[in-house]
Amino acid sequence: MAVYHTCFTIQSKMQVTFDDITERVIEAAADSKIINGILLVYSQHTSCSVLIQEDSEGETYKHIPYILQDTVNCLEKIIPTCEYEGQYLHPGTYHIQQAQKLRQEEKAWGLNTDGHIKSSIMGRSETIPIVDGEVILGEFGRIYFADFDKTRARERKVHIQIIGE
């Protein structure tokens, strides 16, 4: 059994973003030379997600596919955007103090609790079969990397691990 790993980066913005990473994942599967196996796409970031959804063939002015904007709208109803200190229990005073002291973070960066909760609900990975050299996504399936943290732009990593033969 072979194991293949690769990683690439995405630059996030100060808004919810969804990057279509389908072609990069398919390219990684081809590079792996694994014909039959399991492909894992994973985000190490706790306010990001990886998800499979259909291609909406239309997008908002902020370049979010309609089906994914619908997802954001639904999530917003149960997990409102964190706009002020104390709206959620996290991060709390101690966490903010530690973030400033140890990582030179700004206080406002702590207003991302909604992103963490949305990520935990949506999931940080997808597992996809590879059969006869083909990544099985279905007719309309696309792989998206979502960043729910709107407090700052930064570089994010996407990991791909493939196991098979």
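The values are calculated or read from the model by the stated rules, or taken from the named source; none is laboratory data. Here the structure is a predicted model, which means the values were calculated and not measured. Glycine gets a Cβ as well: all are built from the backbone with ideal geometry, and neighbour counts include every protein chain shown. Note: areas computed on protein heavy atoms with side chains; ligands, DNA, RNA excluded. Shrake-Rupley method; radii C 1.70, N 1.55, O 1.52, S 1.80 Å.
Please say if segment 1-114 is rounded, prolate or oblate, where rounded means a/c under 1.5 for a ≥ b ≥ c the square roots of the C-alpha gyration tensor eigenvalues, and otherwise the choice is prolate for a/b larger than b/c and oblate otherwise?
Oblate.
Cα axis of helix 92-103 to longest principal axis of the chain: angle in degrees, 0 to 90, nearest 10?
On a 0 to 90 degree scale, this one is about 70.
Residue farthest toward the positive end of the dipole of segment 1-66, with Cβ of Lys/Arg at +1 and Asp/Glu at -1: which of Ile35, His63, Tyr4?
The listed residue farthest towards the positive side: Tyr4.
Mean-square fluctuation check for the chain, GNM, Cα pairs under 10 Å: which of Thr17, Thr151, Thr93 is largest?
Answer for the Gaussian network model of the chain: Thr93.
Ignoring ligands, DNA and RNA, what percent of the 1.4 Å accessible area of the chain is carbon and sulfur?
Within the chain, the accessible surface is 52 percent carbon and sulfur.
Under 5 Å between amide hydrogens, which residues at least 5 positions from Ile21 or on another chain qualify, with H placed 1.01 Å from N in the peptide plane?
Close amide H contacts, sequence-distant or interchain: Ile143, Tyr144, Phe145.
Sum -39500 (n - 2.57) across every DSSP H segment of at least 4 residues in the chain, then divide by the residue count to get the 222 nm mean residue ellipticity, nearest 500.
Mean residue ellipticity, 222 nm, calculated: -8500 deg cm²/dmol.
Distance between the C-alpha centers of segment 8-40 and segment 98-145? Whole Å please.
What the calculation gives is 12 Å, centre to centre.
Net charge within 12 Å of Ile52 by Cβ-Cβ distance, Lys/Arg positive one each and Asp/Glu negative one each, not counting Ile52 itself?
Neighbour charge sum, excluding Ile52 itself: -3.
How much area per residue is accessible in segment 112-165 when the probe is 1.4 Å and only protein heavy atoms are counted (Å²)?
44 Å²
Taking the Cα centre of the chain as origin and charging only Cβ (+1 Lys, Arg; -1 Asp, Glu), how large is the dipole, in debye to the nearest 20?
The calculated dipole for the chain is roughly 880 debye.
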